[in-house]
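Report on one structure; see the data block that follows.
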Amino acid sequence: MAVDRAPVFKAAAEALAGAQALVVTAGAGMGVDSGLPDFRGDTGFWRAYPLYQRLGISFVDAANPEHFEHDPAFGWGFYGHRTNLYRATVPHPGFALLLDWAARFCLDLFVATSNVDGQFQKAGFPDQGVLEFHGSIHHLQCTGPCCERIWDNREQFQIDEGTMRADHVPLCPRCGRAARPNILMFGDYAWIGERTARQQERFRQFLSRQSGRSIVVVEMGAGTAIPTVRAASERIGSLSGARVIRINPREPQIRSPHLSLTCGALEGLSGIEQALRLL
């Protein structure tokens, strides 16, 4: 039986129209409407990377920093492919809707995401207003690491999709060891979190400035398997005057007075926009 989402869209629109600040939180599901793969479970990962299924390699196995220690060309096969994919991807129209709402309703704006793809910055969100919990594929670090340096990923990769190996391995300019993405991987003890720590501090200051103000959190595509984003949304939602709008096609549950929409990111954002036009 079809569920009438119109009342929830209306309630979300009213919350936005009456807000003073907008926090956008997003997990991997945010990119699905842009054509990015959904790595939910091994099946979703293998659908995007069938060779890894033949090799018996899961997403957790592929996103393992040990590859950069022992076989960096193989490690860069996965992350080089993703670098190319994210550079080629055009953010879906939902990103523009979020920016438009912030401008239309004069909302202070910040993004907190577990995504490493840089799609928010690519869509026009200011870099100073984005927190990337797990780092970014668009920045590199030494595998060691030999130092705390983080630098821009300007590398160009050719990937042999028959072997998932990169044609070259970026090197640390200081020590000459293999470089790796500045991403927090599984079982990762070498990630340099200094860049993300600076983002965390800017987010903390942002939230401090919102004390006593009306905050709306729009959460999209954040699952329960790695609950970083959902936990952040709910933490902000516990503040006085805050409301969370959770948009998720599979795991939308959230307690009242927060709002739940069982759909994808773009469908949810578009439905809220239609309701805003009727206010």
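Quick look at the values:
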item: Breaking point among (1) closer than 22 Å to Gly223 by Cα; (2) part of a helix (DSSP H, G or I), for Gly77; result: (1)
item: Residue among Phe110, Phe78, Phe125 that is of a type in the set (Phe, Trp, Tyr), touching a residue at least 24 places away in the same chain (Cβ under 8 Å) and under 20 Å from Asn64 (Cβ atoms); result: Phe78
item: Complete set of residues in the range 47-61 that are assigned to a helix (DSSP H, G or I) and surrounded by 19 or more Cβ atoms within 10 Å (Cβ to Cβ); result: Tyr52, Phe59
item: Tally of residues being surrounded by fewer than 20 Cβ atoms within 10 Å (Cβ to Cβ), in contact with a helix residue (DSSP H, G or I) (Cβ under 7 Å, 6 or more places away or on another chain) and more than 23 Å from Leu207 (Cβ to Cβ) across the range 113-144; result: 1
item: Filtered residue count, the range 212-229, keeping only those that are assigned to a loop (DSSP other than H, G, I, E, B) and either in contact (Cβ under 8 Å) with a residue 12 or more places away in the chain or in contact with a His (Cβ under 8 Å, 6 or more places away or on another chain) (or both); result: 9
item: Lone unmet requirement of (1) of a type outside the set (Asp, Glu); (2) part of a helix (DSSP H, G or I); (3) closer than 30 Å to Ala15 by Cβ; (4) in contact with an Asp or Glu (Cβ under 8 Å, 6 or more places away or on another chain) for Tyr86; result: (3)
item: All positions within the range 248-268 that are out of contact with any strand residue (DSSP E or B) (no Cβ under 7 Å at 6 or more places or on another chain), part of a helix (DSSP H, G or I) and crowded, with 17+ Cβ neighbours inside 10 Å; result: Leu266
item: Test: Glu194 is surrounded by 16 or more Cβ atoms within 10 Å (Cβ to Cβ) and of a type in the set (Asp, Glu); result: no
item: Test: residue in the range 251-262 that is in contact (Cβ under 8 Å) with a residue 12 or more places away in the chain and of a type in the set (Gly, Ala, Ser); result: yes
item: In the range 150-180, the residues that are exposed (fewer than 13 other Cβ atoms within 10 Å of the Cβ), of a type in the set (Gly, Ala, Ser) and either under 16 Å from Asp117 (Cα atoms) or touching a residue at least 24 places away in the same chain (Cβ under 8 Å) (or both); result: Gly162
item: Odd one out for Cys147, checked against (1) over 16 Å from Ala112 (Cα atoms); (2) out of contact with any Lys or Arg (no Cβ under 9 Å at 6 or more places or on another chain); (3) surrounded by fewer than 22 Cβ atoms within 10 Å (Cβ to Cβ); result: (2)
item: Test: residue in the range 85-105 that is of a type in the set (D, E, K, R), modelled with pLDDT under 95, surrounded by fewer than 20 Cβ atoms within 10 Å (Cβ to Cβ) and within 23 Å of the chain's Cα centre (by Cα); result: no
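The values are calculated or read from the model by the stated rules, or taken from the named source; none is laboratory data. Since the model is a prediction, treat every value here as computed from it, not as a measurement. Backbone-built Cβ (ideal geometry, glycine too); neighbour counts: all protein chains shown.
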